[in-house]
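Values in this text are rule-based calculations from the coordinates and carry no lab data. Given the structure is predicted, the values throughout are model-derived calculations rather than measurements. Backbone-built Cβ (ideal geometry, glycine too); neighbour counts: all protein chains shown.
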Amino acid sequence: MSPAIPGAVKIAGGGLLAVGTIAAGTAIGIAVQRRLVSRSILADTDWLIPTFTPEIRRLVMTDGTELHVEIDECEAEQPVISVILCHGYALSADSLVFQRAALQGKARVISYDQRSHGRSGRAHHTTHTVEQLGSDLGTIIDEVAALGPIMLVGHSMGGMTIMALADQRPELIAERVHGIAFIASTAGGLSDVAFGMPPVMRQIVHRAIPVVASVLARGKGIVETGRRASSNVSELVFRAYSFGSAPSRQASEFVAEMIDNTPIDVLAEFLPALQEHNRISVLPSLSEVRTLVIVGEQDRMTPVIHSERIAASIHGSTLAIIPGGGHMVGIEFHEEVDALIVDLLNHVKEDLAAERIQAS
């Protein structure tokens, strides 16, 4: 099932260590530095961040960790579709703020911060796994979207979260989920990502990641001090690895602040799990769900080939490649991504209407 795609987007028929991979590849060095974050972002009328008045919940997960959840209700005709936004590694729900805004009034939008990220509670390091993230998503659905159709949107690690849920609860996906959007994500193979480095350097970096992750986790106090005291050199590298084209200062600072607010040991503890993630075998089971795969043409974190593999494994899915886009394509080219997500939602609504007519 393939939704129509706006003509400005490059389409190919049939990504994740999110931006935070910086803490593991080139970011092994960047992790001990701090970007200079301006507090005047909202004052720039050329780049305004949408605001919301949601219902705020604190949901308790199976291990006792509390997650920060925000719900934007919708007065649309029944059945209202619940769209759940799953953010990436080292980020927060704010990273999907433009997609959230585009969906206002069209669906019931549920945003949340992954465990140990953003405003959610700090979890035990043994639960910093993709499997646990999938379980968390299932709990959120059970608690705040127990009825009605669902659409899932996952950026980077958020896409991995959706794949983990599909692996754990295939019946939930089959019965309730009518649309999925993977943005700059991957089903596995992060150890093959070059990050723009020569092959020899890539191999060294990937072999070093588990060791570096352990060191960073143990020495978090020292590393955080160095992070806060550093210069803006890291911001220059951050821009190169997070965005495809030249991003605005406001966009790069907005994302940099989310990363800076994620504790260094959390970044380190999640890294091995992201590298080990492999859910290619799960993807064919999503072929009955209307699926859209979005990737930036210049994504260095989860290159285009990762999205091509996802799309090729899900029969009937659509792959949309955003020219000039990088890993943070949902911010950098949010108008294009917003249009794709809304278009997917509209097709899900059409599918549901057709099913109701057929059943009557």
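When a/c reaches 1.5 or more, the comparison of a/b and b/c decides; with that in mind, is region 267-340 rounded, prolate or oblate per its Cα gyration tensor?
Values: a/c = 2.00, a/b = 1.04, b/c = 1.92.
In terms of gyration-tensor shape, oblate.
D for region 36-150, whole µm²/s, Stokes-Einstein with Kirkwood Rh over alpha-carbon pairs at 4 °C and 1.567 mPa s: what number?
Working: Rh = 15.2 Å.
The diffusion coefficient I find is 85 µm²/s.
What is the sum of charges, Lys and Arg at +1 and Asp and Glu at -1, for the other residues whose Cβ falls under 10 Å from the Cβ of residue 127? Each step should come with its number before you reach the end.
Numbers: positive: 115; negative: 63, 131, 136, 269.
The answer is -3.
In whole Å, what is the distance between the alpha-carbon centres of region 68-86 and region 111-169?
Between the Cα centres of region 68-86 and region 111-169 lies a distance of 16 Å.
Sorted from largest down, give the three principal axis spans of the alpha carbons of region 232-360, whole angstrom values.
61, 32, 25
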